[in-house]
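Asker: To start, I am sharing the structure in question, which I have written as structure tokens.
The values are calculated or read from the model by the stated rules, or taken from the named source; none is laboratory data. Note that the structure is a prediction, hence the values are computed from the model and not measured. Cβ sites come from the backbone with ideal geometry, for glycine too, and all protein chains shown count toward neighbours. Just so you know, the surface numbers come from the protein's heavy atoms only, side chains and all, with ligands and any DNA or RNA stripped out. Shrake-Rupley method; radii C 1.70, N 1.55, O 1.52, S 1.80 Å.
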Amino acid sequence: MEKQVHFIHFLFALFCFSYTKFSGYIDTLFFLQFIDGIIFLALCLKLCFSQPYNPLALVAAEGLVNGRRENGSVKLFVFGDSYADTGNWEKFAASWKEPYGFTFPGKPAGRFSDGRVLTDYIASFLGIQSPVPYTWRKTVEKSGLQSGMNFAFGGTGVFDTFINAPNMSTQIDFFQQLLEEKAYTKQDLNSSIALVSLAGNDYTTYIQRNGKLQGLPAFTTSLISQLSASLKRIHGFGVRKIAVTTLQPLGCLPISTAFSSYENCSESWNAASRFHNQKLQQEIQRMNKESRENIYETLDLYTAFMSKLSPAGNMKPSSFLMPCCVGMASDYSCGNIDKNGAKKYVVCEKPDLSIFWDMVHPAQNGWDQVYSSLKSSLHRLY
């Protein structure tokens, strides 16, 4: 600890000397960037010396610097499915049952994972707390709304799915109602960012209804069209920046790889993901060109996941594709119990090494790995 203090003193002395020596040659931007570097390094040292490893610790340290650039006023509004939901479902949902929340916060907390999900990482990068779930809005103080709000519901999509929960249009209706109630001001929206992360459940619903991939391109076209209209609607309320995720590699989800004993991804499903993402990228480019601003950004979940699902050395594909939490039989899934309360699932010994938590959702480690790939692109959100 003493070494840490001395080193921070050294950094401060170096800063003072540099500014005094070179103030006539550096501009204000360089000066502020130098300050950011000093703050970030000092925060990293504090975190490294004073706490055990936390996958969000360095993200949070950088977020404090990023948030300061925005004067702490940035707000995050989230629309999506279980990859973004942080607790909107009622307590009967799987996300509120053990062993969900096993890694963070140590008990079920409404996330469809053993710990943090995409929303948490984006919020930490922005230097804010994870926005409060919409269904909690009346149970928190007004100050609890200052980071924005999360409207995402697990199991939902751009269109209606087989899950009885608000689709994207309804989630935006909730947002509009809050704006009409003056929960957020125009100034709030001017410094806000929207995260949109959904569409996987739309494809699952399509297959369940049609039984085959035939006709999928036409469905993708209609899906992207509706998604585009929804993004424009969000921007129309005054949200200055909107980040929409590409579709994850559906063929590499455990529910798809289980048929090969978690050895191989389904190429047909991955091809469907790539087609969706191609159409999405084209639409985002068209929308930005039309608006003459870079309002809309894509976060490439597909590439981020695929970069972490490639076996290295002698490691088997199943090391990456197998979920940590699985049912003990085909008619059970993670979190299931029998009528006597006995657990009908098993959890792996090291969740912190798993990419996937259950048959469709990433583990916290998976999201941590994805964030490390997305990080360089997140600066475009400012």
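Asker: Just to be sure before I move on: is Phe102 in contact with a strand residue (DSSP E or B) (Cβ under 8 Å, 6 or more places away or on another chain), of a type in the set (Phe, Trp, Tyr) and either surrounded by 24 or more Cβ atoms within 10 Å (Cβ to Cβ) or over 17 Å from Ser197 (Cβ atoms) (or both) in the structure I sent?
Answerer: Here the answer is yes, as Phe102 does meet what is asked.
Asker: If you don't mind, there's one more thing I want to ask. Any chance you could count how many residues in the stretch 75-127 are under 21 Å from Ile234 (Cβ atoms), assigned to a loop (DSSP other than H, G, I, E, B) and either in contact with an Asp or Glu (Cβ under 6 Å, 6 or more places away or on another chain) or not hydroxyl-bearing (Ser, Thr, Tyr) (or both)?
Answerer: So the answer is 5.
Asker: Provide a single number: the residues in the stretch 164-188 that are of a type in the set (A, V, I, L, M, F, W, C) and in contact (Cβ under 8 Å) with a residue 60 or more places away in the chain.
Answerer: Looking only at that region, the number is 4.
Asker: Right, Gln282: at pLDDT 95 or above and within 15 Å of Ala243 (Cα to Cα) or not?
Answerer: Criteria met by Gln282.
Asker: When you go through Lys107, Lys75 one by one, which is the residue that is among the charged types (D, E, K, R), at pLDDT 95 or above and touching a strand residue (DSSP E or B) at 6+ places or on another chain (Cβ under 7 Å)?
Answerer: Among Lys107, Lys75, only Lys75 is among the charged types (D, E, K, R), at pLDDT 95 or above and touching a strand residue (DSSP E or B) at 6+ places or on another chain (Cβ under 7 Å).
Asker: Within the stretch 243-258, can you find the residues that are open to solvent by 10 Å² or more (accessible area, probe 1.4 Å), part of a helix (DSSP H, G or I) and either farther than 24 Å from Ile355 by Cα or among the polar types (S, T, N, Q) (or both)?
Answerer: Listed by number, the list holds a single entry, Ser256.
Asker: Hey, can you tell me all the residues within the stretch 190-210 that are under 19 Å from Lys142 (Cα atoms) and modelled with pLDDT of 95 or more?
Answerer: Hit for the stretch 190-210 is Ser192, nothing else.
Asker: If you go through the stretch 153-162 one residue at a time, do you hit one that is open to solvent by 70 Å² or more (accessible area, probe 1.4 Å) and at pLDDT 95 or above?
Answerer: The answer is yes, given that some residue of the stretch 153-162 is open to solvent by 70 Å² or more (accessible area, probe 1.4 Å) and at pLDDT 95 or above.
Asker: Here is a follow-up. Hand me the list of helices (runs of 4 or more DSSP H) wholly inside the stretch 163-234 holding 1 or more residues that are open to solvent by less than 70 Å² (accessible area, probe 1.4 Å) and β-branched (Val, Ile, Thr). Talk me through it step by step, then tell me what you get.
Answerer: Values: elements: 168-180, 186-190, 200-210.
Helices (runs of 4 or more DSSP H) meeting the threshold: 168-180, 200-210.
Asker: A further question follows. Do we find that Asp173 is of a type in the set (D, E, K, R) and within 20 Å of the chain's Cα centre (by Cα) in this structure?
Answerer: No: the conditions fail for Asp173.
Asker: Which ones in the stretch 133-152 are within 18 Å of Glu181 (Cβ to Cβ) and open to solvent by less than 10 Å² (accessible area, probe 1.4 Å)?
Answerer: Pro133, Gly148, Met149, Asn150, Phe151, listed by residue number.
Asker: Within the stretch 259-358, considering only helices (runs of 4 or more DSSP H) that don't extend past its boundaries, which have at least 2 residues that are under 30 Å from Lys232 (Cα atoms), among the polar types (S, T, N, Q) and open to solvent by 40 Å² or more (accessible area, probe 1.4 Å)?
Answerer: Hits in the stretch 259-358: 267-291.
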